[in-house]
1. Filter segment 196-206 down to the residues that are part of a loop (DSSP other than H, G, I, E, B) and either open to solvent by less than 60 Å² (accessible area, probe 1.4 Å) or basic (Lys, Arg) (or both) and list them by number.
2. Restricting to segment 224-250, what's the tally of residues that are open to solvent by less than 20 Å² (accessible area, probe 1.4 Å) and under 25 Å from ALA97 (Cβ atoms)?
3. What are the residues in segment 159-182 that are of a type in the set (A, V, I, L, M, F, W, C) and surrounded by fewer than 14 Cβ atoms within 10 Å (Cβ to Cβ), if any?
4. Quickly run through segment 107-158 and pick out the residues that are assigned to a strand (DSSP E or B), of a type outside the set (A, V, I, L, M, F, W, C), out of contact with any Gly (no Cβ under 9 Å at 6 or more places or on another chain) and farther than 16 Å from LYS189 by Cβ.
5. Filter the strands (runs of 3 or more DSSP E) completely within segment 213-272 down to those with at least 1 residues that are on the phi < 0 side of the Ramachandran plot and of a type in the set (Ser, Thr, Tyr).
6. Considering only segment 161-171, I want to know if a residue exists there that is part of a strand (DSSP E or B) and more than 19 Å from the chain's Cα centre (by Cα).
7. Read through the list (1) under 22 Å from PRO154 (Cβ atoms); (2) in contact (Cβ under 8 Å) with a residue 40 or more places away in the chain, then give the number of the only condition that ILE252 fails.
8. Condition first: at pLDDT below 95, out of contact with any Ser or Thr (no Cβ under 9 Å at 6 or more places or on another chain) and open to solvent by 60 Å² or more (accessible area, probe 1.4 Å). Can you find one or more residues in segment 62-76 that meet it?
Amino acid sequence: MESYCFLLAAVLVGTRRDEELKQNIGEWDGVGSRTGARKGSNMRVSNVSFELLLLGVCGWSLGLSSATQVGLPDKVLIFPYETDFSFVALIPQKEMALKAFTLCMRVATELPEERQIILFAYRTADYDELNVWREKDGRVSFYLSGDGAFFHLPPLTTFRTNLCLTWESRTGLAAFWVDGKRSTYQVYKPGHTIRPNGSILLGQDPDKHLGGLEATQSFVGEVTDLNMWDYVLSRSMIQAWNYGHKIPKGNIFDWATIQYELNGNVMVVDDD
């Protein structure tokens, strides 16, 4: 496996050097031409695919991303533009073999309600293990390896929404929480187990394990205080998190100590 990973890295580095050389000598259809820009964009998508391969298979990340960084206390991630190459890869503290979870984040966007938005994406080689979406009809949904569960929630807007999602396999009970208030429960996939060994992204939905990113599904806006637990938090705990009170740290993701890698046009700014 180690030699295989080194081979993949060599291919990626060589590809990028070729791209840089061609850009420097004005190859394609002329420097700055529309066709040249399109081919450059295609190369970037290809590089992102290699990037995800190294991240998911080898645990590496090169070039397009910064080195792994730790902790975002009092920080906000800003995704300023619609792209097919900007994302943040998250590294969980433990394997994502889950029979229950609570996922919380504070999120804001100015994208119109008819625009589909990926809010959280966890994918293994063959399945979207856990995806959270704002759908084209404005509903908020999540998917566990198949058909999703859909909820009518207050709209996501330019003002920050405190959003949590809870699910447990034993009963199948699932609910979203908006600013500390719970939606109606739905029974969704009782007995299911989320599988480990995938890639976790903010900002993009990988349609396959090695890439397949689409600008029209990308997230544009702000995300902060993302935390995740491998159990369902109580109502009082979720309400405490909503108001910024101290609660047990997320044992999958804890925003203050989260490990992450920035890719493309993503900014980290102070949460003022």
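1. If the condition is that a residue be part of a loop (DSSP other than H, G, I, E, B) and either open to solvent by less than 60 Å² (accessible area, probe 1.4 Å) or basic (Lys, Arg) (or both), then PRO196, GLY198, GLY203, GLN204, ASP205, PRO206 are the ones that fit.
2. Qualifying residue count, segment 224-250: 8.
3. If the condition is that a residue be of a type in the set (A, V, I, L, M, F, W, C) and surrounded by fewer than 14 Cβ atoms within 10 Å (Cβ to Cβ), then PHE159 is the only one that fits.
4. To start, the set of residues in segment 107-158 that are assigned to a strand (DSSP E or B) comprises 107-108, 117-123, 128-134, 140-143, 148-151.
Applying the additional criterion that residues be of a type outside the set (A, V, I, L, M, F, W, C) yields 122-123, 128-129, 131, 134, 141, 143, 148.
Add one more test, that the residue is out of contact with any Gly (no Cβ under 9 Å at 6 or more places or on another chain), and what stays is 134, 143, 148.
Residue satisfying the conditions is ARG134 alone.
5. In segment 213-272, the matching strands (runs of 3 or more DSSP E) lie at 221-229, 259-263.
6. yes
7. All conditions pass for ILE252, except number (1).
8. Scanning segment 62-76, I find at least one residue that is at pLDDT below 95, out of contact with any Ser or Thr (no Cβ under 9 Å at 6 or more places or on another chain) and open to solvent by 60 Å² or more (accessible area, probe 1.4 Å), so the answer is yes.
The values are calculated or read from the model by the stated rules, or taken from the named source; none is laboratory data. In this text the structure is predicted, and so the values were computed from the model without any measurement. When we count neighbours, we look across all protein chains shown, and the Cβ atoms used for this are built from the backbone with ideal geometry, even at glycine. Surface accessibility is based on the protein's heavy atoms, side chains included, excluding ligands, DNA and RNA. Shrake-Rupley method; radii C 1.70, N 1.55, O 1.52, S 1.80 Å.
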